[in-house]
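The values are calculated or read from the model by the stated rules, or taken from the named source; none is laboratory data. Please read all numbers here as calculations on a predicted model, not as lab measurements. When we count neighbours, we look across all protein chains shown, and the Cβ atoms used for this are built from the backbone with ideal geometry, even at glycine. Surface accessibility is based on the protein's heavy atoms, side chains included, excluding ligands, DNA and RNA. Shrake-Rupley method; radii C 1.70, N 1.55, O 1.52, S 1.80 Å.
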Amino acid sequence: MNEDFRSLADRVRDESGGCAAYERLIATEDDEELAVVLVERERPLWAREIAAFRLGCAGDSRAFETLVLLLNHRDPERCVGASYALARLADPRTARAAAALATNAMRTAYALHPVRLLTELRAPESVPALITTLERLLAPDEPHWRVALACVEGLGELGDPRATTVLRAALETPGLRPAATEALTRLA
């Protein structure tokens, strides 16, 4: 059991009450059994999360939809696990889904992990989505500064000159200035 899976197992143990179903999902090596959990009715979220995480990390695309739903969850720990598994799943739909979540103005409060995943994926969708999201977040009194900061850091890491204009605009926001300066240095 790797550290990320151990973290998930520890977190959902309390949620599941450590029941027999929890123990079974943690221990099984049967991907078919895990896949059934994703589609069975009335399965609790923690069970679907375990199954999707394990299948995603194993490269099984049946986990994709559940992982995308978890990536957009209000619980940041669920988002972290979903992002980790999606990066390992290597499904070609992942970047488009992460870009859609990151750029959705109605879901900005939950966009931090999709933004970070886009940076990790380095997909063709990554830079345009981060630019679009950051442009929107540079408005005065924007409350989602952590998402904006993740966009700035991601654009710096991706090193694409298309980000120059929006990074220069980010210099005007005091909380983003240090990261934007560093990102522009990396682009130069």
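Here are the numbers for the structure shown:
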read-out: Pairs, first at pLDDT below 95 in segment 137-156, second of a type in the set (Gly, Ala, Ser) and surrounded by 17 or more Cβ atoms within 10 Å (Cβ to Cβ), C-beta under 7 Å, six or more apart; value: Glu142/Ala148
read-out: Failed item in (1) open to solvent by less than 70 Å² (accessible area, probe 1.4 Å); (2) assigned to a helix (DSSP H, G or I); (3) of a type in the set (D, E, K, R), with Asp91 passing the rest; value: (2)
read-out: Cross-chain or 6+ apart pairs with Cβ under 7 Å, segment 1-24 first and under 17 Å from Cys79 (Cα atoms), then of a type in the set (Val, Ile, Thr); value: Leu8/Ile50; Ala9/Ile26; Val12/Ile50
read-out: Subset of segment 55-88 (residues that are in a helix (DSSP H, G or I) and open to solvent by 40 Å² or more (accessible area, probe 1.4 Å)); value: Cys57, Ser61, Arg62, Glu65, Leu69, Pro76, Glu77, Val80, Tyr84, Arg88
read-out: Residue in segment 1-21 that is open to solvent by less than 50 Å² (accessible area, probe 1.4 Å) and in contact with a Ser or Thr (Cβ under 7 Å, 6 or more places away or on another chain) present; value: no
read-out: Entirely in segment 116-188, the helices (runs of 4 or more DSSP H) that have 3 or more residues that are of a type outside the set (S, T, N, Q), open to solvent by 10 Å² or more (accessible area, probe 1.4 Å) and within 29 Å of Ala85 (Cα to Cα); value: 126-137, 145-158
read-out: Failed criterion for Arg24 (all others in (1) more than 20 Å from the chain's Cα centre (by Cα); (2) open to solvent by 50 Å² or more (accessible area, probe 1.4 Å); (3) modelled with pLDDT under 95 hold); value: (3)
read-out: Segment 116-129 residues that are touching a residue at least 40 places away in the same chain (Cβ under 8 Å), paired with ones that are among the polar types (S, T, N, Q) (beta carbon under 7 Å, 6 or more apart); value: Leu117/Ser83
read-out: Restricting segment 104-115 to residues that are open to solvent by 50 Å² or more (accessible area, probe 1.4 Å) and in contact (Cβ under 8 Å) with a residue 24 or more places away in the chain, the residue that is farthest from Pro92 (Cα to Cα); value: Ala109
